[in-house]
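Data first, discussion second: the structure below is written as structure tokens.
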Amino acid sequence: MSAISQPAKRSEALGEKRRDARRRGLSRWGSRAALCLYIAFVFVPIYWLVRMSFMETTDILGGFSILPRNVTLANYETIFTDPSWYLSYWNSLVFVTLNTLISLAVALPAAYAFSRFRFIGDKHIFFWLFTNRMAPPAVFLLPFFQLYSTFGMIDTHLAVALAHCLFNVPLAVWILEGFMRGVPREIDETAYIDGYSFPRFFVTVFIPLIAPGVGVTAFFCFMFSWIELLIARTLTSVEAKPIVVAMTRTVSASGLDWGLLAAAGVLTIVPGAIVIWFVRNYIAKGFALGRV
Amino acid sequence: MSEIRIEGLRHSYARNPTASDPWALKRVDHVWRDGGAYALLGPSGCGKTTMLNIISGLVRPTEGRIYFGERDVTDVPTERRNIAQVFQFPVLYDTMTMRGNLDFPLRNRGIPKAERRARVEEVAAMLDLSDSLDLRASGLGAPEKQMISLGRGLVRSDVAAILFDEPLTVIDPQVKFTLRRKLKEVHERFKPTLIYVTHDQNEALTFADQVVVMYDGEVVQVGTPEDLYERPAHSFVGYFIGSPGMNFLQVEPSGGSLVFQGGALALDETVAAGLPSKGALKLGIRPSALRIADRGTPGAIDADVVDVETLGAYAIVELAMGPTRIKARVRDGEPIPSGATAVSLPPRQTLLYADERLIGALA
Amino acid sequence: MIQVDNNRAWLLVLPVVVVVAFTAIVPLMTVVNYSVQDIFGPETRVFVGVEWFREVIDDDRVREAFGRQFLFSALVLLIEIPLGVAVALILPLRGWRSSLAVVAIALPLLIPFNVVGMIWQVFARPEIGLFGTSVNALGIPFNYTADPLSAWVTIVIMDVWHWTPLVALLAFAGLRAIPPAYYQAARIDGASRLAVFFYIELPKLRNVLTIAILLRFMDSFMIYTEPFVVTGGGPGSSTTFLSINLVKMAVGQFDLGPAAAFSLLYFLVILLFSYIFYTILQQVASK
């Protein structure tokens with residue numbers, strides 16, 4: 001019977017697309033027009049930034065034009081050649097990656113425990129984790145500074161990576177737990193019967209099954225750590241200065257160098273845009289914390 | 001309204017389909033008679049849900065026309081087609097009460113309040129749901145929810161056909177019987193045309209007056225459950241209906257016999273002469289029709305017992321004739337063979353198929 | 001899934017608890033510590049009980065900041081939630097168009113907060129920004145550095161631009177999960193498009209909308225960088241929201257005691273209102 005089920009599946013997938021269009025009841029062209037309008041709303045400010053990145057600051061401040069005037073690559077050149085700029089990107093990348101790894105490493109076993117077991121205090125811990133997401137970063141600036149000073153960790157990548165765990169670890173636990181719920185217990189039990197030890201089962205069997213979940217979680221940890229400013233600024237000065245901080249400190253005698261800042265800004269959007277393409281199929285589900 | 005007539009129906013989900021694209025429905029011409037209780041039976045992917053959705057108007061066919069009585073409804077949207085559909089899982093408006101759910105289709109059609117109330121209560125009484133009318137729909141169990149789904153179809157007085165897409169899938173087996181009985185009651189009372197899609201032959205055979213069997217996008221047989229069992233018109237029907245299904249042997253005519261791997265069946269002269277000259281030939285015989293005999297009995301083919309499965313009231317005996325395996329059904333009380341034995345094929349119940357189509361019995 | 005009682009599962013949770021405790025509880029203790037003491041110098045500290053709390057609650061600037069913050073969060077929620085749902089309704093559900101659209105609208109979410117601020121700082125400027133110039137060209141006086149209303153409009157639009165995609169993606173995930181049979185049944189029942197939205201789509205979006213409302217409330221209540229980059233809290237203090245106020249107090253003025261008390265009140269308010277929102281949303285769901 002498998003010979004007929006293959007074309008049938010393709011058939012149904014095509015059928016689904018046609019049904020989708022009509023089931024909404026909205027005129028297809030009306031929806032498309034509205035969507036294009038919204039996407040324009042999203043892209044026009046970004047375009048403005050890109051436009052500025054290709055102009056000299058004097059041209060930017062000098063007048064108004066829709067297209068960039070006197071297109072120049074000088075801003076980008078500066079960023080790619082001046083160590084204080086490109087090293088900042090590197091710093092950001094380092095602590096964001098570090099944070100993602102730490103968050104995943106601690107969240108994976110915890111999420112597994114929450115999804116499979118009941119234990120004393122489980123609901124309370126789960127909720128407590130979420131309350132950390134509710135804590136304003138502004139509240140933690142001084143305490144963090146003091147805490148990490150005590151350990152001599154100011155201006156290190158590790159400090160920022162750990163500090164960002166405040167909001168990323170709860171998120172990671174939530175998303176992973178949501179994805180893990182979709183894996184039936186029977187798989188765990190079969191593995192134990194087959195003689196797998198827990199670590200071996202977890203790494204070689206379980207994690208591959210939730211690979212999209214891990215990918216999405218990594219993406220979100222990356223994203224929320226990359227865009228954060230307050231904590232990153234408080235805990236760094238020179239050695240571990242991330243790009244977001246470098247940008248806020250770029251004031252010269254003649255005022256803000258808009259062209260340069262714009263180029264720096266564009267380059268901060270690029271990594272995110274690339275990464276999101278890889279998780280595009282799961283990003284919606286990830287935002288819903290895997291619960292949809 | 002009278003019958004539902006389908007002419008020249010072909011459907012592919014591809015946008016501008018060519019011959020090489022997958023066609024969900026290859027070619028169907030069929031008449032569903034008014035007030036009939038039909039089962040639409042077939043394996044997954046055979047096109048039965050597509051057919052159902054075309055009848056209800058949720059899918060517009062690539063080719064062909066559909067008529068409700070004299071009216072060509074091929075281009076008429078679902079809302080104006082006088083049909084109701086019950087899906088595989090209960091589809092309800094969670095935020096409404098049961099009453100709200102039943103009332104909804106009438107409200108959308110502008111029926112006045114008093115009449116709506118009367119209809120809702122009548123249908124609820126019919127389905128034994130009067131007590132729960134003002135409860136939230138989301139709090140009910142699966143059987144009640146499916147009844148509501150059915151009820152939404154029944155409240156509309158203009159509904160002439162109710163289509164079911166495997167509606168008892170989520171219902172527990174013990175409850176299925178009660179629900180099927182309810183369906184029969186509804187059918188007797190309101191006399192709509194019922195088309196019930198299923199892949200479960202037991203459901204089809206107990207529910208329907210007429211069973212329409214589909215395979216690979218085509219209707220291969222239409223008939224009563226008895227017709228399907230006794231005279232399957234297509235080898236698939238023979239294979240699909242019955243538990244276990246029909247035995248099939250690839251045969252080739254040789255001399256005055258039909259030869260297969262492991263044995264030969266002698267034929268009557270007239271039958272041997274009437275064999276088609278080309279086409280793949282198959283012999284089909286139901287396990288219950290096979291007779292176990294002793295070796296040496298005239299007309300019996302030597303066979304060895306390979307496996308016996310006792311199932312309470314009967315046993316399934318698997319026999320090997322050389323590399324060919326067949327199954328025989330032995331009733332409780334009859335002796336179960338073992339080791340070396342033989343089988344005989346009663347000619348009247350041995351059917352001959354050419355290219356999967358029935359051409360006749362051996363007698 | 002059936003969950004098994006197993007207290008050894010604690011070992012699996014331990015790393016998370018340790019990391020988050022280090023990163024959250026320890027600093028929080030510091031804040032509590034500061035909130036009940038007056039620190040004159042490294043060696044001299046005096047326990048002052050609730051004095052800082054009283055001072056903070058009586059402080060007009062703090063009260064105004066709370067007022068502004070609530071107004072901002074309310075505005076932002078009222079715009080972003082419906083808009084996000086509307087965008088989700090027009091997103092294609094499947095195919096390459098869907099992937100492309102999802103990536104396109106998600107872009108603002110990936111932009112560092114200060115870059116978002118920077119974009120709008122320029123974009124809304126009267127002479128050099130497209131938005132600022134266009135509005136002024138229409139005859140509406142618009143200058144966010146001088147006029148509080150312009151400043152608010154800029155910041156609200158910036159937040160809508162920045163965060164509506166989050167709501168849209170959540171709602172989109174929810175919509176995609178609705179089985180087609182519901183829409184089919186609605187057609188058979190003769191339901192109007194509006195009825196489909198209210199009786200099928202909205203109820204099924206309950207969970208994701210709860211997440212969306214909670215997340216947007218929390219994050220808008222904690223906002224710092226984006227408005228700070230654009231207006232610095234001004235003109236005057238018209239856009240000084242709670243976090244901006246707090247940072248000014250703690251880092252600018254170095255009033256550690258009041259800042260700590262403020263921090264705790266701030267955190268408590270968010271917890272309280274999140275809890276209230278959550279309870280209300282659950283009630284609405286079960287009605």
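Just so you know, all these numbers are worked out from the coordinates, no wet-lab data involved. A quick note: this is a predicted structure, and the numbers were derived from the prediction, not measured. Neighbour counts run over all protein chains shown; Cβ positions are idealised from the backbone, glycine included.
Residues within the reach of a label modelled at A:L101 (point 7 angstrom out along Cα to beta-carbon, backbone nitrogen below 14 Å), restricted to segment A:160-182, are A:161-162.
In this rough spin-label picture, where each label sits 7 Å from Cα along the Cβ direction, the B:A114-A:L93 distance is 8.0 nm. Using a Debye calculation, one point per C-alpha and no hydration shell, please list log10 I(q)/I(0) for segment B:41-88 at q = 0.13, 0.17 Å⁻¹ in order. Ignoring solvent entirely, the Cα scatterers give -0.31, -0.52. Comparing C:Y275, C:Y266, C:Y144 in a Gaussian network model of chain C, where Cα atoms under 10 Å apart are tied by springs, the biggest mean-square fluctuation is seen for C:Y275.
One quarter of the surface of the convex hull around the alpha-carbon atoms of segment C:1-136 equals 18.0 nm², the direction-averaged projected area. Ordering C:Q184, C:P235, C:L138 by Cα displacement along the dipole of segment C:136-238 toward the positive end leaves C:Q184 in first place; charges were set at the Cβ atoms of Lys, Arg (+1) and Asp, Glu (-1).
Averaging the Cα positions of each part gives two centres, and for segment A:51-99 and segment C:152-225 these lie 36 Å apart. Dipole magnitude for segment C:1-85: computed about the Cα centre from +1 point charges on Lys and Arg Cβ and -1 point charges on Asp and Glu Cβ, it is near 300 debye. Of interest is the spacing of the C-alpha centroids, which for segment B:116-134 and segment A:150-207 amounts to 52 Å.
Exposure proxy check: B:T95, C:T154 ranked by fewest other beta carbons within 10 Å?
Least to most surrounded, the residues fall as B:T95, C:T154.
From least to most packed, judged by other beta carbons within 10 angstrom and beginning with the fewest, A:K285, B:K182, B:K48, A:K123 follow the order A:K123, B:K182, A:K285, B:K48.
Oblate is the label for chain A. Its Cα gyration tensor axes, ordered a ≥ b ≥ c, give a/c of at least 1.5 and b/c at or above a/b.
Rounded to the nearest 20, the Cβ-based charge dipole of segment C:140-255 about its Cα centre (Lys and Arg +1, Asp and Glu -1) stands at 480 debye. Spatially, segment A:208-236 and segment B:266-323 are offset by 69 Å when compared through their Cα centroids.
Converting phi to 3J(HN,Hα) with the Karplus coefficients 6.51, -1.76 and 1.60 and the offset θ = phi - 60°, segment B:22-30 yields x, 9, 5, 10, 7, 5, 10, 10, 7 Hz in sequence order, with x at every glycine or proline. Shape of chain C from the C-alpha gyration tensor: oblate (a/c of 1.5 or more and a/b not above b/c, with a ≥ b ≥ c the square roots of its eigenvalues).
Looking at chain B, what % of the alpha carbon pairs are farther apart than 34 Å? For chain B, the share of Cα pairs beyond 34 Å comes to 41 percent.
Mean partner shielding of peptide B:89-95, defined as the number of other chain Cβ atoms within 10 Å of each residue Cβ, is 6. Extending 7 Å from Cα along the Cβ direction at A:E239 and again at A:H124 yields two label points whose distance is 3.9 nm. Each of C:I155, C:I57 was scored by other Cβ atoms within 10 Å of its Cβ. Arranged with the fewest first, they read C:I57, C:I155. A cut-off of 5 Å between modelled amide H atoms, ignoring neighbours fewer than 5 places along the same chain, links B:M214 with B:L41, B:G42, B:V220. Per-residue mean of foreign Cβ neighbours for C:211-220 is 2 (Cβ atoms of other chains, 10 Å radius).
Given the rule -39500 (n - 2.57) for each run of at least 4 DSSP H residues, summed and divided by the residues of chain C, what is its mean residue ellipticity at 222 nm, to the nearest 500 deg cm²/dmol? Taken over chain C, the calculation gives -21500 deg cm²/dmol.
Please determine, in degrees from 0 to 90 and to the nearest 10, the orientation of helix A:83-116 with respect to the longest principal axis defined by the Cα atoms of chain A, where the helix direction is its Cα long axis. Around 20 degrees separate the two axes. Between the helical axis of B:113-126 and the longest alpha-carbon principal axis of chain B there is an angle of about 30 degrees.
The GNM of chain C, with springs linking C-alpha atoms under 10 angstrom apart, assigns the highest mean-square fluctuation among C:A186, C:A212, C:A106 to C:A186. Selection among A:L176, A:T190, A:A218 by position relative to the dipole of chain A gives A:T190 as farthest towards the positive end (Cβ unit charges, Cα centre). Shown in residue order for segment B:73-79 are the 3J(HN,Hα) couplings computed by the Karplus curve 6.51 cos²θ - 1.76 cosθ + 1.60 at θ = phi - 60°: 9, 3, 9, 7, x, 3, 4 Hz (x for Gly and Pro).
Eigenvalues of the alpha-carbon gyration tensor of segment B:84-170, scaled by 5 and square-rooted, set the equivalent ellipsoid semi-axes at 19, 15, 11 angstrom, largest first. Only Lys, Arg, Asp and Glu count, each charged at its Cβ (+1, +1, -1, -1), so figure out the dipole size of segment A:197-292 about its Cα centre, rounded to 20 debye. Roughly 320 debye for segment A:197-292.
Mean partner shielding of peptide A:262-268, defined as the number of other chain Cβ atoms within 10 Å of each residue Cβ, is 3.
Take the Cβ-Cβ distance between B:E252 and A:T190 as r, set R0 to 51 Å, and report the resulting FRET efficiency rounded to the nearest 0.05. Efficiency for this residue pair is about 0.60.
Distant-in-sequence amide contacts of C:Q37, defined by a placed amide H-H separation under 5 Å and a gap of 5 or more residues or a different chain, comprise C:V48. The antiparallel fraction among DSSP beta bridges confined to chain B stands at about 75%. Modelled spin-label separation between B:D128 and C:L271, with each label point placed 7 Å from Cα along the Cα-to-Cβ direction: 5.3 nm. Cβ-Cβ distance of C:D59 and C:V251, R₀ of 22 Å, FRET efficiency by 1/(1 + (r/R0)^6): the value works out to about 0.80.
Taking packing as the residue-averaged number of other Cβ atoms within 10 angstrom, the listed peptides B:319-325, C:109-115, A:182-188 run from highest to lowest as C:109-115, B:319-325, A:182-188. The packing ranking, built from the mean of other Cβ atoms within 10 Å per residue, places the peptides B:249-261, A:149-161, C:170-182 in the order C:170-182, A:149-161, B:249-261, highest first. Does segment A:18-116 classify as rounded, prolate or oblate by the C-alpha gyration tensor (a ≥ b ≥ c root eigenvalues; a/c under 1.5 gives rounded; else a/b over b/c gives prolate, otherwise oblate)? Since a/c reaches 1.5 but b/c is at least a/b, the shape of segment A:18-116 is classed as oblate. Using only the C-alpha atoms, the convex hull of the protein assembly as shown corresponds to 239 Å³ per residue. Compared with the alpha-carbon gap, the fully stretched path from B:I316 to B:A264 is longer by 16.4 nm at 0.36 nm per residue.
Starting from the Cα of C:L100, move 7 Å in the Cα-to-Cβ direction to define the label point; list residues of segment A:256-288 whose amide nitrogen is under 20 Å from there. What the label zone holds, given the 20 Å backbone N cut-off, is A:273-284. Lysine pair count for chain B with Cα-Cα distance under 22 Å and sequence separation of 8 or more or different chains is 10.
For A:V50 and C:F70, what does the FRET efficiency come to when R0 = 41 Å and r is the distance between their Cβ atoms, rounded to the nearest 0.05?
Efficiency, rounded to the nearest 0.05: 0.70.
Along the axis of the charge dipole computed for segment A:200-292 (Cβ charges of +1 for Lys and Arg, -1 for Asp and Glu, origin at the Cα centre), the listed residues A:P208, A:F278, A:V244 are led at the positive end by A:P208. Of all beta bridges that DSSP places with both ends in the protein assembly as shown, some 75 percent have antiparallel geometry.
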